[in-house]
Amino acid sequence: MRWSIVALGAALALATTPSAASPGEGRAPLEFDVAQIRIEKNATARDAGIQMLLDAEDWKRVAIYLPHGGPRIMQVRASSSVGRIGVTELFFESAEPSLDDLPLKDLLRMFPEGRYRLVGETTDGREMIGTARLTHDIPAGPTVVAPEEGAVTQVDDTLIDWEPVAKPAGIEIAGYQVIVELPEPLRVFSVDLPASVTSVTVPPEFLKPGTGYKFEILAIARGGGRNQTITESSFTTAS
């Protein structure tokens, strides 16, 4: 009987002895350096989707949750060699369904306004946290003044001009982005502009005579992840 009591005491002692701490245990969580989520709408193609950008040092896992205690909507986990050395920046975008197939009001219902919660882990087991704020402030697409769709322009004088975006009311424009693309072989000219600038001259060095180009103008809203709306058009340079 005495042996049993001693043995029981030893067993209880073993059961209550703390196990070795994991590498990240007991340390305060780290925060993501960048966590942004935004809506991108294409006013010309009439589609829309979600984009997200994350950035931090040496992380291997992150889960993203809807605001207001909502469910997990995505999880990314690095494994093998990437899991050992870690991830830094991650940018992804959802598919962009046609607004005929998924009306904007339904997309906004799927992705409500608020702070999306991030919970992750570093390569050494330390917890990572963060939030990304989404708004439903989506600007109108820029109205192109020049060149007109399919116009012929001069290599040394191709001006892209658009009207300032002022709709819908209450949305402040942070700036614009202009992207000019030669599809084959792929060449891209891109410039970011403040809200006060609504025209840009395409550098002659970028253009070739007798060539067709596509271009996009993005209106970028201030606040949240900076929702953006695209207008597309095209021009051809004179031979």
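Under 17 Å Cα-Cα from K60, which aspartates and glutamates qualify once same-chain neighbours fewer than 8 residues away are excluded?
Partners found: E25, E31, D33, E89, E121, D124, E127.
Relative contact order for the chain: what percent, with Cα pairs under 8 Å and sequence separation of 6 or more?
Relative contact order, the chain: 21 percent.
Simple spin-label model, 7 Å along Cα-to-Cβ: E205 to T88 in nm?
For E205 paired with T88, the spin-label model returns 2.7 nm.
Of all the accessible heavy-atom surface of the chain, with the other protein chains kept in place and a 1.4 Å probe, what percent is carbon and sulfur?
Carbon and sulfur together cover 53 percent of it.
May I ask for the net charge around S79, where only other residues with Cβ less than 12 Å from the Cβ of S79 are counted and Lys, Arg are +1 while Asp, Glu are -1?
+4
So what is the accessible area of region 51-178 per residue, in Å², with the probe set to 1.4 Å?
Per-residue value: 55 Å².
Can you order the peptides 87-94, 58-65 by their average number of other Cβ atoms within 10 Å per residue, highest first?
My ranking of the peptides, most packed first, is 58-65, 87-94.
Going by accessible area, probe 1.4 Å, with all protein chains left in place, what is the ranking of D55, D124, largest first?
Highest to lowest solvent-accessible surface, that is D124, D55.
On a 0 to 90 degree scale, rounded to 10, what angle separates helix 2-16 from the longest Cα axis of the chain?
The angle comes out near 10 degrees.
Calculate, for E181 and R109, the FRET efficiency according to 1/(1 + (r/R0)^6) with r their C-beta to C-beta distance and R0 35 Å; round to the nearest 0.05.
Here the calculated transfer efficiency is 0.60.
For a quick check of your reading of the filter: which GluC sites (Glu not before Pro) in region 182-235 sit in a DSSP loop and have no more than 13 other Cβ atoms within 10 Å?
The qualifying sites: there are none.
Would you calculate a helix-derived [θ] at 222 nm for the chain, using -39,500 (n - 2.57) for each DSSP H run of n ≥ 4 and dividing by the full residue count, to the nearest 500?
Computed ellipticity for the chain at 222 nm equals -3500 deg cm²/dmol.
Find out how many positive minus negative residues lie around T201, taking Lys and Arg as positive, Asp and Glu as negative, among other residues whose Cβ is under 10 Å from that of T201.
-3
The values are calculated or read from the model by the stated rules, or taken from the named source; none is laboratory data. All values derive from a computational prediction rather than experimental measurement. Glycine gets a Cβ as well: all are built from the backbone with ideal geometry, and neighbour counts include every protein chain shown. Side chains are part of the model used for accessible areas, which takes the heavy atoms of the whole protein and leaves out ligands, DNA and RNA. Shrake-Rupley method; radii C 1.70, N 1.55, O 1.52, S 1.80 Å.
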